[in-house]
């Protein structure tokens, strides 16, 4: 919770957190931590139990696991299409329905 509060406070300032190893900048401390782990440390502590996939964050592993479980929590408001990843739903909406932005409903 403390990290969340710090991140909210930093939103008033532009690009407050800077990577000491490259030119990456962000408003969020948690994003900087993820960047350092992914790009510079290359540590991936979260391992998939079904394949060789490894992730930097627990959230990334959870999203990956949908490939194995078939879970599709994102649904199109115009047709029966469902997606396991939000970006897939955005792409579907743009290509099939010519929509750039809509409210996303979770199943």
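Some values worked out for this structure:
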quantity: Among (1) touching a strand residue (DSSP E or B) at 6+ places or on another chain (Cβ under 8 Å); (2) closer than 28 Å to residue 32 by Cβ; (3) at pLDDT 90 or above - the single one residue 104 does not satisfy; calculated: (3)
quantity: Test: residue in the range 64-74 that is under 18 Å from the mean Cα position of the chain (by Cα), closer than 30 Å to residue 20 by Cα and surrounded by 13 or more Cβ atoms within 10 Å (Cβ to Cβ); calculated: yes
quantity: Selection count, the range 78-93, where residues are surrounded by 14 or more Cβ atoms within 10 Å (Cβ to Cβ) and in contact (Cβ under 8 Å) with a residue 12 or more places away in the chain; calculated: 8
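The values are calculated or read from the model by the stated rules, or taken from the named source; none is laboratory data. Here the structure is a predicted model, which is why all the values come from computation and not from measurement. Here Cβ is always computed from backbone atoms with ideal geometry, including for glycine, and neighbour counts include all displayed protein chains.
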